[in-house]
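The values are calculated or read from the model by the stated rules, or taken from the named source; none is laboratory data. Everything numeric here is computed off the predicted structure, so don't read it as measured data. Glycine gets a Cβ as well: all are built from the backbone with ideal geometry, and neighbour counts include every protein chain shown. In case anyone asks, the SASA skips ligands and DNA or RNA and just uses the protein heavy atoms, side chains included. Shrake-Rupley method; radii C 1.70, N 1.55, O 1.52, S 1.80 Å.
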Amino acid sequence: MSCLMVERCGEILFENPEQNVKCVCMLGDVRLRGQTGVPAERRGSYPFIDFRPLNNTTHSGEIGTKKKVKRLLSFQRYFHASRLLRGIVPQAPLHLLDEDYLGQARHMLSKVGMWDFDIFLFDRLTNVMVQEDYHSQNPYHNAVHAADVTQAMHCYLKEPKLASFLTPLDIMLGLLAAAAHDVDHPGVNQPFLIKTNHHLANLYQNMSVLENHHWRSTIGMLRESRLLAHLPKEMTQDIEQQLGSLILATDINRQNEFLARLRTHLHNKDLRLEDGRDRHFMLQIALKCADICNPCRVWEMSKQWSERVCEEFYRQGDLEQKFELEISPLCNQQKDSIPSIQIGFMTYIVEPLFREWARFTGNSTLSENMLSHLAHNKAQWKSLLPKPHRGGSGGGGGPDLAGQGAEKEEQTGTRGDTP
C-alpha cells in the first residue's frame, strides 16, 4: 500500500444554506490516489442517504439483521482493503452459496445466456453479490440490477453481428463495465446532488456526477485488488480509460448523442468492427441497451423492475419534501404514476434505442424478442392507467396521462437515472 494515500472521514451533513436544509449522510473511504493514471475513489466513498426516518417499521431491525447475515456470503470480505488495513482477518472460510442451493444455482447458471433468465429467482437462491458496495437499501440501484445488466450484456456480446469481432479484452471490458456501472449508487439522482451542493457534484463540476463516481470507484477496486498488477502500466491505464468511456456512456444525458451517432453509422453503413474504435462504440451502445433493458424483459420481471425504480424515485421525492426541496420530476408519488412514467420512458428512451440496435443486429432473434416484449409491456401499462385518464379510441376520456408522462420523460431524460 506504499503507493496509495487513503483519506477517511465519518459522518457528514449535506446542507442547502438558502433553505436551511441539513440531512445526515454516511461517508466511508473518500479518495484513493495512485502514482499514475486515473484518479480513483475508494469504494464506499459515496454518501448513503439514510431513509430510515422516512420508512420506520417495527421489523426494520429484523430485516437489517438478515441483510447483514446475508452479506457475509460475499467473497469481497477477503479483499476489502480498509478491513485488512485495520488488521481484521477472516477466521473461517466464507462461501458464496449455501450447499442446499448449489445444484439449483448451477442449473440456473447453465441458462444464463437465455433472455428469460430470472435474476430475481437467482438472487433468492444465491443472494447475488456483484460487489459489496452496491447498497441493498436501494430498491433499484443495487447488486441485483448490476447482475441483471451484466447478464443482458452477456447476451448482447453473443449477437452474431458483434461476437465474431470481439477480442477477449473487449469481452472482459464489457462485462466488467456492466458489473460496475452503478457501484456505490446512493439511490438519488444527479439533480439531487447538485441542489444539495454535494461534494461530488462540485468535484465533477455537475457533469456525469454519478457515472464519474462509479468509474473512479471501479478503478479504486481494481487497484486495491491488484487484479491488473501483472500487466504493463500502459495497458493498465488503457483498460482504466476504456472502462471509464463505457461507464460514462450510461449517462442518460448523453442518450441523444449516442443515438444520433448510431443512426448515422447505420445509415452510412460505415461501421468497421475490425477497427477497435468502432468495436468500442458498439460496446458502449450494448451497455446502454443493457442498462435500460428492463422494459424488454418478460412482463413478470419487467413489472417488478418498474415498481422498484419508481419506489426509488418516490423515496427521493419524499426526502425532498421532508427537507422542503423542490420535488424532482418523476419523484412525486401523488402526481407521477408508475404507468405514466413507464409509458413515457418506453416511448422516448427505450424504443428509439432498441429499434436501432435491432437494425445493427439485422433483426436478430433476440432483438425481435425484445421488441415484442417491449410492445406487450407498453400495452400492459396503458391498460393500467386510471380509467378516467386513458386516451381511449372512443374519442373521450380526458387528458392522456401517458402522453404527459412521455413528455415529462423526454424533458427529464436528464434526470440522471433511468427507470
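Residues in the stretch 172-188 that are under 13 Å from residue 211 (Cβ atoms), touching a helix residue (DSSP H, G or I) at 6+ places or on another chain (Cβ under 6 Å) and not acidic (Asp, Glu): 177, 180, 181, 183.
Selection of the stretch 104-116 for residues being modelled with pLDDT of 85 or more and either touching a Leu at 6+ places or on another chain (Cβ under 9 Å) or surrounded by 20 or more Cβ atoms within 10 Å (Cβ to Cβ) (or both) yields 108, 115.
Condition (residue is at pLDDT 95 or above, open to solvent by less than 10 Å² (accessible area, probe 1.4 Å) and within 30 Å of residue 323 (Cα to Cα)) applied to the stretch 162-175: is it met by at least one residue? Break it down into steps so the answer makes sense when it comes.
Filtering the stretch 162-175 down to residues at pLDDT 95 or above leaves 162-175.
After this cut, where a residue has to be open to solvent by less than 10 Å² (accessible area, probe 1.4 Å) as well, the list is 162, 173-174.
When the remaining residues are screened for being within 30 Å of residue 323 (Cα to Cα), the result is none.
Looking for residues that are at pLDDT 95 or above, open to solvent by less than 10 Å² (accessible area, probe 1.4 Å) and within 30 Å of residue 323 (Cα to Cα), one finds none in the stretch 162-175, hence no.
Could you say whether any residue in the stretch 178-191 is within 16 Å of residue 249 (Cα to Cα), open to solvent by 10 Å² or more (accessible area, probe 1.4 Å), at pLDDT 95 or above and assigned to a loop (DSSP other than H, G, I, E, B)? Scanning the stretch 178-191 turns up at least one residue that is within 16 Å of residue 249 (Cα to Cα), open to solvent by 10 Å² or more (accessible area, probe 1.4 Å), at pLDDT 95 or above and assigned to a loop (DSSP other than H, G, I, E, B). Suppose the filter is part of a helix (DSSP H, G or I), within 23 Å of residue 250 (Cα to Cα) and open to solvent by less than 30 Å² (accessible area, probe 1.4 Å); does residue 147 pass it? When the stated conditions are applied, residue 147 passes them. Scanning the stretch 223-252 for residues being more than 30 Å from residue 352 (Cβ to Cβ), free of Cβ contacts under 8 Å to residues at least 40 places away in the same chain and in a helix (DSSP H, G or I) gives a total of 3. All conditions in (1) within 19 Å of residue 142 (Cβ to Cβ); (2) not in a loop (DSSP other than H, G, I, E, B) hold for residue 331, with the sole exception of (2). Within the stretch 356-379, no residue that is at negative phi sits with its Cβ atom under 6 Å from a residue that is open to solvent by 60 Å² or more (accessible area, probe 1.4 Å) and small (Gly, Ala, Ser) at 6+ positions apart or across chains.
For the structure I just gave you, tell me whether residue 270 is assigned to a loop (DSSP other than H, G, I, E, B), open to solvent by 10 Å² or more (accessible area, probe 1.4 Å) and over 22 Å from residue 133 (Cβ atoms). Answer is yes for this residue. Take residue 245 and tell me if it is at pLDDT 95 or above, touching a Pro at 6+ places or on another chain (Cβ under 8 Å) and at negative phi. Considered against the rule, which asks whether it is at pLDDT 95 or above, touching a Pro at 6+ places or on another chain (Cβ under 8 Å) and at negative phi, residue 245 comes out as no. For the criterion of being modelled with pLDDT of 95 or more and open to solvent by 50 Å² or more (accessible area, probe 1.4 Å), residue 300 passes.
So if I check each of 124, 216, which one is surrounded by fewer than 20 Cβ atoms within 10 Å (Cβ to Cβ), basic (Lys, Arg) and more than 28 Å from residue 325 (Cα to Cα)? On inspection, the qualifying residue turns out to be 124. For residue 358, the test of being among the aliphatic types (A, V, I, L, M), over 26 Å from residue 121 (Cβ atoms), more than 22 Å from the chain's Cα centre (by Cα) and in a helix (DSSP H, G or I) is passed.
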